[in-house]
Amino acid sequence: MAVSGIKSRPVYPGLSPDPNARSNVVVCDVAGAEAVVELLTRADGAFARRTSIILSADGAGSEQAQALAKRLEPAGVEIASGLPAAISHLNAILDQASMGLRLYAAGSEPLIGSVVQAGLDHFIDHLSIRTEHRGSLKRRVQCVHCKGMTEDVTTNPVTCSHCGLLLLVRDHYSRRLAAFQGVCINAESPGERPEPNVEFP
Amino acid sequence: MTASFLRRVRVAEVEPVASRIKRFRLVSADGEPLSEFSGGSHVTVCMQAPDRLIRNPYSLMSCPSDTSSYQIGVLKVPDSRGGSEFMHENVSIGTELEISEPLNLFPPAKLARKHILVAGGIGITPFMSMMSELESVGADFELHYGVRSLAEGAFCKLLETRYGPRVHLYFQDKGQLVPLEQVLASQPLGTHVYVCGPKPMIDWALRSATLAGWPDENIHSEQFTAPPIGKPFVARLVRTGREVTVGGHQSILEALEQNGIDAPFLCRGGACGQCETAVTSCDGFIEHNDHYLTEAEKADGRKIMICVSRISGDAITLDL
Amino acid sequence: MVLAFKNETFRDDFTFSNSPESIRRFPFPFHEDKYMYAVNIEPHVPGPKGTVYEFPIDIDEHYVAEMRDREIVLAADPGRCQALPHMMTAQWDMLELLMTSMARDYPEHFSLTQDGDHWHWINRPLGIDQKFTFGDHTTLPYEPMEYIGRQCQGDFSIQDQRDGQLWMDAGIITTQADWSLDFDIGMNFFEWHGPVPLAHEAGVFERALKFLLNLQVGRPVRRLNWTMTINPRLDTSPENYHKWGIDRTTVTPENVGDKVHLRVELQGLWRLPRSNAILFSIRCYLIKMKELVTIPKWGRRLPRVLETLPPEIADYKGLTRYRQMTIDWLKKYDDGAPTSPGFGPD
Ligand SMILES: Cc1cc2nc3c(=O)[nH]c(=O)nc-3n(C[C@H](O)[C@H](O)[C@H](O)COP(=O)(O)OP(=O)(O)OC[C@H]3O[C@@H](n4cnc5c(N)ncnc54)[C@H](O)[C@@H]3O)c2cc1C
Ligand code: FES
């Protein structure tokens with residue numbers, strides 16, 4: 001079980017503008033917003049005016065969020081309190097959308113994963129979503145035993161927040177679940193509890 | 001692996017459906033029922049011409065769940081090496097032919113919310129089976145079919161009766177063109193577009209979709225590529241130590257077959273990748289005519305798809 | 001051929017065992033005395049009478065007991081059987097392939113009558129008599145894949161083909177060697193093979209994918225895969241790893257012969273006609289070391305192969321803890337004599 005170097009790890013090639021898209025929808029967190037600023041500088045003003053940005057503020061103060069929004073102009077910016085609010089806003093946009101929309105995501109892996117999931121729910125192929133990883137390496141982990149999700153995982157191993165088993169976080173990633181796989185680390189040596197290391201700061 | 005797994009079929013019906021297009025109905029001649037297939041599939045038809053064996057791919061037009069017969073529609077191509085002409089002139093009711101099992105390189109996207117089918121001329125054929133399939137699973141689709149004139153347009157009446165308002169016809173002689181820009185402008189998220197027809201039409205449609213902001217993942221095409229003609233050259237085979245001359249009207253694959261050398265193939269149209277062959281050296285330039293190798297691989301020159309590509313030059317040495 | 005189905009278990013008291021005939025037909029996966037990773041794909045054509053290759057779908061003496069074990073797994077964890085909505089046509093393709101093969105090759109046990117879309121299926125060993133309408137899943141107690149999957153030995157997954165990739169979009173997986181359908185469903189060919197070490201670097205999966213994308217109707221292929229399992233346990237799922245992983249620590253020099261099992265998967269791949277999907281069958285065969293050494297050639301060869309296994313592969317297959325102990329035990333049966341090439345007994 002204790003293997004690493006797994007090839008199902010998603011790759012995030014970085015944001016690049018689609019000059020032909022009729023409308024662009026970007027979801028980002030505070031760290032990802034920097035990548036969006038760079039995206040906008042790589043395109044023209046018309047691109048920015050066709051672009052709506054959903055910023056997941058995640059505990060950043062409203063002043064910091066407002067300042068970020070200012071830097072993203074002339075794109076329209078909607079500030080959401082956190083990831084769930086950002087995704088429900090995105091879903092509302094996608095429910096009404098037609099072809100010609102291009103979807104982008106920038107920030108932590110759980111954010112990108114949730115955007116890709118919302119895209120799949122709206123028939124958008126994951127390969128057509130442009131993504132860039134920024135900021136924390138924290139992960140969403142699914143316990144393969146109880147199927148519970150543990151959010152914002154930074155250590156390996158990690159204790160499952162549902163069943164309490166100590167989980168080895170594998171690099172095996174499910175797009176459908178937007179989560180990495182966690183597998184009991186001490187099944188063959190019960191009682192042994194390896195020290196958690198901060199592997200995903 | 002070669003497509004030596006062939007089925008014997010008998011022509012049960014021949015119908016001229018447009019000025020240069022004939023429809024053939026093929027039934028099993030070996031007693032075993034034909035296999036079911038998926039929408040967009042084609043078969044390779046083997047024709048024994050007096051001087052050589054011709055193998056051309058033709059799309060299946062019949063309903064995929066009908067195993068009693070297959071139907072193909074063949075356009076008579078002028079100035080050709082003779083496959084389509086053979087079908088038109090030498091094949092009649094009762095003729096026996098050999099065909100491959102169906103192969104699908106142009107399937108509808110199963111995860112699509114809606115399908116826009118764009119056909120030009122004989123490019124309608126793969127959509128005939130595709131529409132049967134989409135209809136049977138209740139999928140949302142529309143067809144945009146451009147023909148030169150009613151006389152040249154096959155199946156216009158049939159399609160309108162069967163699919164009603166989902167079929168849109170455009171007649172070139174009346175100055176009508178497929179209004180692709182409008183069609184693409186207002187489709188729900190998750191729509192896929194498929195194009196089949198002459199090369200210029202495919203190129204135009206692909207470009208239009210990209211310019212309308214459609215992601216590559218939602219755009220599909222099939223081109224009826226036949227091996228283009230050129231000048232004769234020599235193919236040297238490293239492993240078998242043989243040397244064959246590829247005639248101006250022959251593909252490398254055909255030249256090998258004529259000389260009794262077995263090489264792998266499936267689609268014979270530069271799409272499936274089965275005939276990929278390593279190039280040891282080339283005394284001239286490779287003319288890549290396939291849709292399989294990446295641009296980088298084509299530029300690199302170390303691989304060739306021998307079913308459709310050739311060289312301009314004297315000789316090519318292949319790892320065969 | 002009338003099979004005598006055994007009454008045995010693959011859990012708790014582990015009463016599973018092979019009859020002498022069953023041992024002789026075991027698909028021993030090593031054709032030489034050392035380990036080599038190979039895709040080793042060959043046409044899935046009928047093999048000699050009595051072998052596991054005689055028919056496309058192999059049914060053996062463990063059939064009834066395996067189906068009972070599958071029922072237990074599915075009752076506890078319905079997630080072991082899942083199909084994404086666009087896979088319904090492929091599910092019917094699978095049902096047709098299995099029912100027609102089983103009825104044709106084992107007429108004493110199964111029969112199928114087809115009258116247009118009105119089908120009548122009889123499964124005598126499991127006491128099932130079912131009339132249904134082909135294409136209408138409401139006429140069956142389960143969706144087609146689950147219906148027939150509960151009546152056929154082996155795990156099955158169905159791959160949809162899109163954009164030059166294969167996507168694992170359906171499966172019934174209750175005897176898996178350490179992978180989770182619930183986690184892997186929806187992944188592409190490279191993603192679900194992600195955890196396999198070494199093979200990616202060798203370009204093995206690129207070549208295998210290209211081959212499979214062009215797989216033709218009516219020309220199935222097969223390959224063998226193997227691992228080892230402690231106790232004759234079919235359900236070695238990651239879901240339950242926290243329960244069975246401990247078994248690996250229970251091997252002692254005295255119990256190797258009973259506890260350690262070679263587990264061979266006969267993997268078959270079929271192009272499905274209507275859906276253009278690919279059916280992947282994973283038929284698992286188990287044999288105890290004690291049973292294996294009754295074939296002298298295998299007793300000599302297996303320890304030699306295990307000695308040449310790269311550590312990454314041993315780790316991936318979960319053998320590290322008991323590999324040496326198994327080799328030591330097997331060595332008693334290796335007199336150093338040369339072995340004949342090929343898989344079968346001499
Ligand atoms: C996947 C696939 C599906 C297909 N489905 C269909 C179908 O449903 N219906 C159909 O009609 N066709 C279909 N085709 C095309 C078909 O296979 C043949 O290519 C076509 O019938 C022409 O064959 P041919 O032997 O008559 O001509 P080929 O010699 O193969 O000629 C093809 C082209 O080369 C040109 N050409 C050849 N020789 C000369 C020459 N000496 N001088 C000038 N020009 C020349 C011809 O004008 C023609 O445009 C399909 C092809 C593919 C790859
Ligand atoms: S045979 Fe298919 S690409 Fe050449």
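Only the coordinates and a few stated rules stand behind these numbers; no lab work does. Just so it is clear, the structure is predicted and the values come from calculations on it, not from any experiment. Quick reminder, even Gly has a Cβ in these numbers, built from the backbone with ideal geometry, and neighbours come from all protein chains shown.
Between residue B:239 and residue A:193, how high is the FRET efficiency from 1/(1 + (r/R0)^6) when r is the Cβ-Cβ distance and R₀ = 51 Å? Nearest 0.05. Taking R0 as 51 Å, the efficiency between residue B:239 and residue A:193 is 0.30. Among the residues of B:208-215, the average count of other protein chain beta-carbon atoms within 10 Å of the residue beta-carbon is 6. Applying the Kirkwood pairwise sum to the alpha-carbon positions of segment B:233-318 produces a hydrodynamic radius of 12.6 angstrom. Between the helical axis of A:30-41 and the dominant principal axis of chain A, each derived from Cα atoms, what acute angle in degrees is found, rounded to the nearest 10? Roughly 40 degrees, rounded to the nearest 10. Rounded to the nearest angstrom and listed largest first, the equivalent-ellipsoid semi-axes of segment C:276-343 from its Cα gyration tensor are 25, 17, 12. Straight-line cross-link partners of residue C:290 among the aspartates and glutamates, defined as a Cα under 12 Å from its Cα and at least 8 positions apart when in the same chain: C:254, C:258. Between C:177, A:127, C:82, the Cα set farthest toward the positive side of the dipole of the protein assembly as shown (charges on each charged residue's Cβ, about the Cα centre) is that of A:127. Toward the positive end of the charge dipole of the protein assembly as shown, with +1 on the Cβ of Lys and Arg and -1 on the Cβ of Asp and Glu, the farthest Cα among C:128, B:189, C:213 is that of C:213. Each other residue within a Cβ distance under 13 Å of residue C:321 adds +1 if Lys or Arg and -1 if Asp or Glu, for a net charge of +1.
Looking at chain C as a GNM with Cα springs under 10 Å, which of C:177, C:90, C:76 has the largest mean-square fluctuation? The residue with the greatest mean-square fluctuation here is C:76. Out of every Cα-Cα pair that segment C:1-154 contains, those further apart than 24 angstrom amount to 44 percent. Based on alpha carbons, the Rg and Dmax found for the protein assembly as shown are 29.4, 89 Å.
What lysines sit close enough to residue C:34 to cross-link, taking a C-alpha to C-alpha distance under 20 Å and skipping anything fewer than 8 places away on the same chain? Cross-link targets: C:297, C:317, C:331, C:332. Among beta bridges from DSSP that stay inside the protein assembly as shown, the antiparallel ones total about 70%. Of the DSSP H helices in chain C, those with a Cα length along their own long axis of 24 Å or more and a mean Kyte-Doolittle hydropathy reaching -0.5 comprise C:88-105. When restricted to Cα atoms, segment A:71-167 yields an Rg and a Dmax of 15.7, 49 Å, respectively.
Each Cα pair under 8 Å and six or more residues apart adds its separation to the average, and for chain B the resulting relative contact order is 15 percent.
According to the Kirkwood relation over distinct C-alpha pairs, the hydrodynamic radius of chain C is 20.9 Å. For the options A:80, A:21, A:57, a Gaussian network treatment of chain A with springs between C-alpha atoms closer than 10 Å singles out A:21 as fluctuating the most. Once you divide the Cα radius of gyration of segment B:100-152 by 2.2 N^0.38 Å, the number left is 1.24. Taking every C-alpha pair closer than 8 Å and separated by at least 6 residues, the mean separation divided by the residue count of segment B:119-276 gives a relative contact order of 16 percent. Compared with the dominant principal axis of the Cα atoms in chain A, helix A:109-121 is inclined by about 70°. In terms of distances greater than 31 angstrom between alpha carbons, the cross-link table entries C:6/C:259; B:22/B:199; B:231/B:303; B:157/C:131; C:131/C:288 yield B:157/C:131; C:131/C:288. Per-peptide packing, taken as the mean over residues of other Cβ atoms within 10 Å, places A:168-179, B:26-37, C:218-229, C:124-135 in the sequence A:168-179, C:218-229, B:26-37, C:124-135 from highest down. Translational D (Stokes-Einstein, µm²/s) of segment B:3-99 at 37 °C and 0.692 mPa s when Rh comes from the Kirkwood sum over C-alpha pairs? Approximately 241 µm²/s, per Stokes-Einstein. Overall, chain A carries a charge dipole of about 420 debye about its Cα centre when +1 sits on the Cβ of Lys and Arg and -1 on the Cβ of Asp and Glu, all other atoms neutral. Over the C-alpha atoms of segment C:1-78, the Rg to Rh ratio, Rh being the Kirkwood estimate, stands at 1.03. Among A:155, A:51, A:131, the residue with the largest mean-square fluctuation in a Gaussian network model of chain A, with springs joining Cα atoms closer than 10 Å, is A:155.
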